[in-house]
Amino acid sequence: MNVYEWSKIPAEVARPGVVRHGFAGDNVMLVLNELHPGMETRPHSHPFEQVSCILQGDVVFTVGDERHRVGPGSVFRIPPHVVHFAEVVGDEVALNLDVFAPPRDDYRHLTRYQDEAEKVSSP
């Protein structure tokens, strides 16, 4: 078993103000997003169900026609094909953990480091 620390997992700048890290199993993917104040918002939708958990900071999530202010410990579901986006409230970086099942193929590049680690640790 390989154990990783989020702070040491390779990061990708998704867009100005959004940095993400990925981790995946065979049937699930976690994406930790660092959401910086003033981040570029980008309303979008995708065919994936998304479960999000706010670990740090204050965020307003718009999902469809609803807006919700969420903070640490908040967890919610974003249905497939529904337009959504986040906005940071205040000047603290927010940490948002997204869960996707099955893993998103378009985010597989975020977990390549796991493939490399598996090669090294295999007998």
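The values are calculated or read from the model by the stated rules, or taken from the named source; none is laboratory data. Fair warning: this is a prediction, and the values are worked out from it, not measured in the lab. Quick reminder, even Gly has a Cβ in these numbers, built from the backbone with ideal geometry, and neighbours come from all protein chains shown. Accessible surface is based on the protein model in full, side chains and every heavy atom, while ligands, DNA and RNA are left aside. Shrake-Rupley method; radii C 1.70, N 1.55, O 1.52, S 1.80 Å.
Search the structure for amide H atoms under 5 Å from the amide H of Gln56, placed 1.01 Å from N in the peptide plane, and list their residues when 5 or more places away or on another chain.
Leu95
So how do Glu5, Glu34 rank on accessible area, 1.4 Å probe, biggest first, that is with the largest at the start?
Correct descending sequence by accessible area is Glu5, Glu34.
About the Cα centre of the chain, how large is the charge dipole given +1 on each Lys and Arg Cβ and -1 on each Asp and Glu Cβ? Please answer in debye to the nearest 20.
Once rounded to the nearest 20, the dipole reads 80 debye.
Using DSSP to call loops (not H, G, I, E or B), can you name the GluC sites (Glu not before Pro) in the stretch 38-123 whose Cβ has at most 14 other Cβ atoms within 10 angstrom?
Glu40, Glu92
Bin all alpha-carbon pair distances of the chain at 5 Å intervals from 0 and give each bin's fraction as a whole percent.
Here the calculated profile for the chain is 2, 10, 20, 24, 21, 12, 6, 3, 1, 0, 0.
In degrees from 0 to 90, rounded to the nearest 10, what is the angle of the helix 112-121 Cα long axis to the longest principal axis of the chain?
30 degrees
Just need the relative contact order of the chain here, percent rounded to a whole number, with Cα pairs under 8 Å and 6+ apart.
31 percent
For the chain, what does -39500 (n - 2.57) per DSSP helix run (n ≥ 4), summed and divided by total residues, give at 222 nm, in deg cm²/dmol to the nearest 500?
-2500 deg cm²/dmol
Go through the stretch 91-103 residue by residue and turn each phi into a ³J(HN,Hα) via Karplus (6.51, -1.76, 1.60, θ = phi - 60°); whole Hz please, and just put x for glycine and proline.
Result, ordered by residue: 10, 9, 5, 9, 10, 10, 9, 9, 10, 10, 9, x, x Hz.
Taking the simple approach of a point 7 Å from Cα along Cα-to-Cβ for both Ser74 and His46, what is their distance in nm?
For the pair Ser74/His46, the computed spacing is 2.0 nm.
With a 1.4 Å probe and all protein chains left in place, how much of the accessible area of the stretch 18-95 comes from carbon and sulfur atoms, in whole percent?
Heavy-atom surface of the stretch 18-95 belonging to carbon and sulfur, 1.4 Å probe: 53 percent.
Kindly report the accessible area of the chain per residue (heavy atoms of protein chains, probe 1.4 Å, no ligands, DNA or RNA), in Å².
Here the residues of the chain average 58 Å² of exposed surface.
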